[in-house]
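Asker: To start, I am sharing the structure in question, which I have written as structure tokens.
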Amino acid sequence: MRQISNYIQGKLIGELKAFYPNGQLKFIGNHKNGLQSGEAKSYYENGQVHEIGDFINNVQVGVKKTYYETGELQSVEYFKGGKPTSNSEYYDKNGKLIEQ
């Protein structure tokens, strides 16, 4: 896996991009002082978005959306302090809500 990133005094700073062997983007996210901060996106090898979520100091917060490889929404999870809350929603590949 190829990666583009910046380090200052051994700490990951700014945007990090990781790529599949075929050159397709696999992950993009931001770091401050070596910790993941801000929006992070991961992708399937076919280019479809896999997950989108937010982080503060390496802790997942807010909404995390996960998608099927075909692009349909798979789940919406809500995080507080790095832990999922009970308000999550899960969908089948046809977009039907299967669990809440």
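Residue-by-condition table, conditions (1) in a strand (DSSP E or B); (2) surrounded by fewer than 16 Cβ atoms within 10 Å (Cβ to Cβ); (3) at pLDDT 95 or above:
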| position | (1), (2), (3) |
| --- | --- |
| 6 | yes, yes, no |
| 26 | yes, no, yes |
| 54 | yes, no, yes |
| 64 | yes, no, yes |
| 69 | no, yes, yes |
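Asker: Also, I was wondering about something else. What number of residues in segment 23-48 are more than 12 Å from the chain's Cα centre (by Cα), under 15 Å from residue 4 (Cα atoms) and not aliphatic (A, V, I, L, M)?
Answerer: Going through segment 23-48 one residue at a time, the tally reaches 4.
Asker: So how many residues does segment 31-52 have that are closer than 26 Å to residue 95 by Cβ and either touching a Gly at 6+ places or on another chain (Cβ under 7 Å) or assigned to a strand (DSSP E or B) (or both)?
Answerer: Residues in segment 31-52 being closer than 26 Å to residue 95 by Cβ and either touching a Gly at 6+ places or on another chain (Cβ under 7 Å) or assigned to a strand (DSSP E or B) (or both): 10 in total.
Asker: Moving on. Where residues in segment 8-24 are surrounded by fewer than 15 Cβ atoms within 10 Å (Cβ to Cβ) and either basic (Lys, Arg) or in contact with a strand residue (DSSP E or B) (Cβ under 6 Å, 6 or more places away or on another chain) (or both), which of them is modelled with the lowest pLDDT?
Answerer: My answer is 11.
Asker: While we're on this one: Between a first residue in segment 41-57 that is on the phi > 0 side of the Ramachandran plot and a second residue that is assigned to a loop (DSSP other than H, G, I, E, B) and modelled with pLDDT of 95 or more, which pairs have beta carbons less than 8 Å apart while being 6 or more apart in sequence or on different chains?
Answerer: Filtered contacts from segment 41-57: 47/24.
Yes or no, residue by residue, for (1) closer than 24 Å to residue 17 by Cα; (2) among the β-branched types (Val, Ile, Thr); (3) in contact with a Ser or Thr (Cβ under 7 Å, 6 or more places away or on another chain):
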position	(1), (2), (3)
51	yes, no, yes
54	yes, no, no
61	yes, yes, no
69	yes, no, no
82	yes, no, no
98	no, yes, no
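The values are calculated or read from the model by the stated rules, or taken from the named source; none is laboratory data. Because the structure is predicted, anything quoted here is derived from the model rather than measured. All Cβ positions, even for glycine, are placed from backbone atoms using ideal geometry, and neighbour counts span all protein chains on display.
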